[in-house]
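Below is one structure; the comments refer to it alone.
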Amino acid sequence: MRVGIIGCGYVFDHYLSTFRNHRGLELAGVTDIDRPRAEHVGQAYGLKVYASNEELLADSSIELVLNLTSIESHYEVTRAALLAGKHVYSEKPFTPDLASSRELVALARERGLHVSGAPSNAMSDTVQTMWRALRAGAVGKARVVYAEFDDNPVYLMHPETWRSRTGAPWPYQHEYEAGCTFEHAGYYLSWLCAMFGPAEHVSAFSSCLVPDKAPGVHLDPPDTPDFSVACITFRSGVVARLTISIVATFDQRMRIIGDEGELSVNTYRDYYCPVRLERYSGLSLNARKARWVRENSLLQMLLGVGGRSVPLLSSGLRPSWLRRWKNPIAALKRMQLGQQDKSVGVAEMAAAIEAGREPWLSADFVLHVTELTLAISAAREGKVTRLETTFKPLEPLDFAADERPLKLHLKPGLAARLVEPILIRMHG
């Protein structure tokens, strides 16, 4: 399917880093309100550059538009693309308000078109493996989820110097003004909604803890929250606590806690991040209380604290070893910081359109995640919001490339079983 991209800012390079891994996608060309920027990326990637949005939308060979413009432009650009008869995949959040999001979804349906949007990390090998393990009863009945999105005190890290691969600056001022919750909640909200279905209500609190993050720069508004915490009740009965900040040091763990154990990952941003499973036992539950165990990773491993890695199911989309190491510096960065495939959502949407079905990340799903994002980011001093939108619960993707059974029932070794009676006596 031929795709046209509108918007060549900072996130553009992240999409282009994996776009060509997807054989079903053909990039027709790009455009940007900043003409020199569009020309620069066109030259860097060997792409056709359209003179304007109108010229790109007038190209009848383009079926799908990838909207990578600033959030404030999402509505206008998506609406114009729909009126031109194009399907649209948009960067997150879909629009800045629920009313305009609803309008776009209605317009798409009226014209027989599809809209979908980022983030796509729920399609990752990591999430799909965790989801399959959950459905296989790895932790028994899921009760609560703890999700952290502490993204470092970025204002201490000179974000004004950050650049994308082709030199686009990270829009730190815009990030501060929009807020970390509005910008980033979607990563875990889409993950949670995919696994647990629609949310019923959310209780949220947010605050601006560091008002002078950019000395000498006028922020409008100056007090957008840089910290938020939300408790989300899903209709399926699961409760999730999501914390987001750019104040605390890096912590992006997610833990799904059930009656019989827990599944955990340490970041959303690595699509191949290991999934760990701990099956609860008297041994592991008592062992984690002991100081020696808390301070010794070897003892934790021997006694089952923290569990073990579950082999990842493979979607078959991961680049080959040779391709991953074609650029050693980029490969090292991916190894340490994780590899995201932001284009996988575009590819799945294109495949869905060609097959005559709705995209996996449906318009209703994107609308629900948008409403949740808005509800959490707008709650300053604590607020309960009942969700108006809903969606048909998702099913895990069909990972036809990997049919291996999940190894879920991990048993402690002999040494661990010998220590168990001692720990029980200590902590009884």
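The values are calculated or read from the model by the stated rules, or taken from the named source; none is laboratory data. Since the structure is predicted, the reported quantities are computational estimates derived from the model, not experimental observations. Quick reminder, even Gly has a Cβ in these numbers, built from the backbone with ideal geometry, and neighbours come from all protein chains shown. Only protein heavy atoms, including side chains, enter the accessible area calculation; ligands, DNA and RNA are left aside. Shrake-Rupley method; radii C 1.70, N 1.55, O 1.52, S 1.80 Å.
Wholly within region 115-223, which strands (runs of 3 or more DSSP E) include no fewer than the required count, namely at least 1 residues that are modelled with pLDDT of 95 or more, touching a strand residue (DSSP E or B) at 6+ places or on another chain (Cβ under 8 Å) and over 30 Å from Thr78 (Cα atoms)? Outline the logic, then answer.
Details: elements: 115-117, 142-150, 199-207.
Hits in region 115-223: 142-150, 199-207.
Taking interchain pairs and intrachain pairs at least six residues apart, which have beta carbon atoms under 9 angstrom, with the first residue in region 67-86 and part of a helix (DSSP H, G or I) and the second open to solvent by 40 Å² or more (accessible area, probe 1.4 Å) and of a type in the set (Lys, Arg)?
From residues that are part of a helix (DSSP H, G or I), the pairs are Leu82/Arg111; Leu83/Arg111.
What about Met426, is it within 28 Å of Ile246 (Cβ to Cβ), open to solvent by 100 Å² or more (accessible area, probe 1.4 Å) and at pLDDT below 95? Even if it seems obvious, please write down each step before you answer.
Values: within 28 Å of Ile246 (Cβ to Cβ): no; open to solvent by 100 Å² or more (accessible area, probe 1.4 Å): yes; at pLDDT below 95: yes.
In short, no.
List pairs: first residue in region 1-15 and within 15 Å of Ile71 (Cβ to Cβ) and touching a residue at least 40 places away in the same chain (Cβ under 8 Å), second residue among the polar types (S, T, N, Q) and outside any loop (DSSP other than H, G, I, E, B) anywhere in the structure, Cβ distance under 7 angstrom, at least six positions apart or on different chains.
Ile6/Thr31; Ile6/Asn53; Ile6/Asn67; Gly7/Asn67
Taking interchain pairs and intrachain pairs at least six residues apart, which have beta carbon atoms under 6 angstrom, with the first residue in region 266-285 and under 30 Å from Ala185 (Cα atoms) and in a loop (DSSP other than H, G, I, E, B) and the second aliphatic (A, V, I, L, M) and open to solvent by less than 60 Å² (accessible area, probe 1.4 Å)?
Pairs that qualify, where the first residue is under 30 Å from Ala185 (Cα atoms) and in a loop (DSSP other than H, G, I, E, B) and the partner is aliphatic (A, V, I, L, M) and open to solvent by less than 60 Å² (accessible area, probe 1.4 Å), are Cys273/Val265.
Residues of region 237-258 being among the hydrophobic types (A, V, I, L, M, F, W, C), open to solvent by 50 Å² or more (accessible area, probe 1.4 Å) and over 25 Å from Ser281 (Cα atoms), which ones?
First, the residues of region 237-258 that are among the hydrophobic types (A, V, I, L, M, F, W, C): 238-240, 242, 244, 246-248, 250, 254, 256-257.
Then drop every residue that is not open to solvent by 50 Å² or more (accessible area, probe 1.4 Å), which leaves 239, 250.
Within region 237-258, Phe250 is the sole residue that qualifies.
Kindly indicate the residue of region 26-46 that is small (Gly, Ala, Ser) and open to solvent by 40 Å² or more (accessible area, probe 1.4 Å) and also nearest to the chain's Cα centre (by Cα) among those meeting that condition.
Once the filter is applied, the top-ranked residue is Ala44.
Output the number of the condition that Asp125 fails; it satisfies all remaining conditions of (1) open to solvent by 10 Å² or more (accessible area, probe 1.4 Å); (2) farther than 21 Å from Val3 by Cα.
(1)
Identify all residues within region 346-387 that are in contact (Cβ under 8 Å) with a residue 24 or more places away in the chain, farther than 17 Å from Lys92 by Cα and either assigned to a helix (DSSP H, G or I) or in contact with a helix residue (DSSP H, G or I) (Cβ under 7 Å, 6 or more places away or on another chain) (or both); write none if there are none.
Result: Ala350, Ala351, Ala352, Ile353, Glu354, Glu358, Thr385, Leu387.
Say whether the condition of being farther than 27 Å from Pro393 by Cα, of a type in the set (Lys, Arg) and modelled with pLDDT of 90 or more is met by at least one residue in region 255-268. Walk me through how you get there before you give the answer.
First pass over region 255-268, keeping only residues farther than 27 Å from Pro393 by Cα: none.
Within region 255-268 (the criterion being farther than 27 Å from Pro393 by Cα, of a type in the set (Lys, Arg) and modelled with pLDDT of 90 or more), the answer is no, since none of the residues qualifies.
Could you tell me which of the residues Ala51, Ala99 is out of contact with any helix residue (DSSP H, G or I) (no Cβ under 6 Å at 6 or more places or on another chain) and within 30 Å of Leu387 (Cβ to Cβ)? Break it down stepwise before answering.
Values: Ala51 fails: within 30 Å of Leu387 (Cβ to Cβ).
Just one listed residue meets the conditions, Ala99.
Test each condition in (1) open to solvent by 20 Å² or more (accessible area, probe 1.4 Å); (2) farther than 29 Å from Glu358 by Cα for Ser164 and report the one that comes out false.
(1)
Of the residues that make up region 47-65, is at least one open to solvent by less than 10 Å² (accessible area, probe 1.4 Å) and in contact with a His (Cβ under 9 Å, 6 or more places away or on another chain)?
Here is the first cut: in region 47-65, the ones open to solvent by less than 10 Å² (accessible area, probe 1.4 Å) are 50, 56, 62, 64-65.
Those left that are additionally in contact with a His (Cβ under 9 Å, 6 or more places away or on another chain): 64-65.
Yes, the conditions are met somewhere in region 47-65.
Return the residue satisfying two criteria in turn: it lies in region 6-25 and is more than 17 Å from Glu348 (Cβ to Cβ) and aliphatic (A, V, I, L, M), and of such residues it is surrounded by the fewest Cβ atoms within 10 Å (Cβ to Cβ).
By that ranking, first place goes to Val11.
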